[in-house]
RNA sequence: GUCUUGUUAGCUCAGCUGGUAGAGCACGUCACUUUUAAUGAUGUGGCCGAUGGUUCGAAUCCAUCACAGGACACCA
């Protein structure tokens, strides 16, 4: 990176002039005495003071210059720190002799980070401002900021240079603040419930806990490959075996799959496991969790999401088969007959493989006709056994599992079930998965004998749940791309053609 | 993966059926001591994403590639 751009050259020159005059353009000592938000709050009484000012008060604030309005012998600038924006009045005669004309006017500009000392007053237009008596450069910005009114709108720039997005777009800052709050509230919610936060390996000898393609990396010292985890599930269950009765982990999972508006190669989820509980208890704690989030985020329970309106007061619960009929409008007489389902799906342009099991076909019906219609939060329960390899069978109906998925705005937000704790059954299910893998399904689960051995010591009956945090944040912030809730979403590298040819030349 | 729309100054965008590259903001110079996207005057700034092709002539037409956005299919 060469600073060859003319605008950058100009600004480097300005920094140099300041430096030569004894004003360090990257000053290390600063005297900030308050944030902008506090300044505005503390001085909200200036309205009542004589001349709407109080020269006895003195504050020192700092921030980035966002607006610069120069009017001859005086200027208005607006500076912004994390807490807010403040207008500063800078007049020649209030600064040290010559500083305004020789330095401030010429070498301070939008983008620079400055420190300003002075007293509070209210302008003729009625804005609480700061009357500067000292101005100091803290950091000279040598790249110009994007346009002050439109900011950056180019999605590519916003994702690749998130810092610019954060400088220019208040909404972006707000979204990531909410994201941080959601993670923090989630942690507190489960801690308050007596859950223990744990950290399990991110590098797995056998990728497990989900059906997905893993990233592979290599451990040099051991001379073996490791897999970035696709889910923490099997390690968290080992902890239930070990006697912890309520554990959770909030962290990243990695899946070597496609990217789109709802998928990033690394994403954040919470998984929690709860001994002596079942999936019914999970439904209750999920509702409670949402109430907790909404209360602490001060969100209204009816939230807009794009063109939709989601009522977070209305959680409903419906078994999968019933939803096919009442929501999907699938004729009730066909939903337990493989042949009829295949015909029904094919006739509506949903091709299915002939060898699918009844449970798989019911799942296809659900995906085709029900999922997108689930706008208000809906727990779909009683999933077919065939599509729930890690879930415990229902005692009342052996064809279905004690499982639910939570759908909001037509998207899956959470997956949960009473856990399978019969080691022999689990062994058989892994074996079936291995057969699928040998048959070419590269997302099928691998045999994990170490996990089977753990189960063989006895895992207390328990229920476990995963919630996709990125998608949850999308719902709460009305964002429609996962990239808008990830600070640094995965992007393809930009190939620098000059560099490529340089490297070629070396070879 | 498929389809589709983009890529022009630091940023936001014009540029019609091919004929020497435009605006606003920013920046430079000048004026202005209460402005609110300050204002007025004036000036600098571009290999029009890359590579080929068609043409006397390409930002514009065609092809390929790269990156991005959107939609659809699969996975959280």
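The values are calculated or read from the model by the stated rules, or taken from the named source; none is laboratory data. For clarity, every value in this text was computed on a predicted model and none was experimentally measured. Cβ coordinates were reconstructed from backbone atoms using ideal geometry, including for glycine residues, and neighbour counts include every protein chain displayed.
Could you tell me which of the residues A:453, A:498 is more than 10 Å from RNA strand B (Cβ to nearest atom), modelled with pLDDT of 95 or more, in a helix (DSSP H, G or I) and farther than 25 Å from residue A:190 by Cα?
Exactly one residue qualifies, and that residue is A:453.
Which members of region A:60-89 meet the condition of being more than 10 Å from RNA strand B (Cβ to nearest atom) and exposed (fewer than 13 other Cβ atoms within 10 Å of the Cβ)?
Selection gives A:82 alone.
Condition check ((1) modelled with pLDDT under 95; (2) farther than 30 Å from residue A:165 by Cβ) across all residues:
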site	(1), (2)
A:37	no, no
A:51	yes, yes
A:70	no, no
A:78	no, no
A:100	no, yes
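So residue A:164 passes all but one of these: (1) assigned to a helix (DSSP H, G or I); (2) closer than 18 Å to residue A:74 by Cα; (3) near RNA strand B (Cβ under 10 Å from one of its atoms). Which condition number does it fail?
(2)
In region A:175-195, how many are touching a residue at least 40 places away in the same chain (Cβ under 8 Å) and either assigned to a helix (DSSP H, G or I) or over 30 Å from residue A:245 (Cβ atoms) (or both)?
Residues in region A:175-195 being touching a residue at least 40 places away in the same chain (Cβ under 8 Å) and either assigned to a helix (DSSP H, G or I) or over 30 Å from residue A:245 (Cβ atoms) (or both): 12 in total.
Only one of A:92, A:57, A:53 is more than 39 Å from the chain's Cα centre (by Cα), more than 12 Å from RNA strand B (Cβ to nearest atom) and either free of Cβ contacts under 8 Å to residues at least 12 places away in the same chain or on the phi < 0 side of the Ramachandran plot (or both); which?
Only one candidate qualifies: A:57.
With the requirement that a residue be touching a residue at least 40 places away in the same chain (Cβ under 8 Å) and either out of contact with any helix residue (DSSP H, G or I) (no Cβ under 6 Å at 6 or more places or on another chain) or over 15 Å from residue A:386 (Cα atoms) (or both), what does region A:326-365 give you?
Once the filter is applied, which keeps residues that are touching a residue at least 40 places away in the same chain (Cβ under 8 Å) and either out of contact with any helix residue (DSSP H, G or I) (no Cβ under 6 Å at 6 or more places or on another chain) or over 15 Å from residue A:386 (Cα atoms) (or both), region A:326-365 yields A:327, A:328, A:329, A:362.
Please list, ordered by first then second residue, the pairs with beta carbon atoms under 7 Å, 6 or more apart or interchain, first in region A:60-88 and within 14 Å of residue A:118 (Cβ to Cβ) and touching a residue at least 12 places away in the same chain (Cβ under 8 Å), second within 12 Å of RNA strand B (Cβ to nearest atom) and not in a strand (DSSP E or B).
Partner pairs satisfying both residue conditions: A:74/A:92; A:87/A:127.
How about region A:247-275: which of its residues are within 18 Å of residue A:189 (Cβ to Cβ) and either near RNA strand B (Cβ under 6 Å from one of its atoms) or out of contact with any helix residue (DSSP H, G or I) (no Cβ under 8 Å at 6 or more places or on another chain) (or both)?
The answer is A:251, and nothing else.
Assuming residue A:393 fulfils every condition listed in (1) surrounded by fewer than 21 Cβ atoms within 10 Å (Cβ to Cβ); (2) more than 18 Å from residue A:280 (Cα to Cα); (3) in contact with a strand residue (DSSP E or B) (Cβ under 7 Å, 6 or more places away or on another chain) apart from one, which condition is it?
(2)
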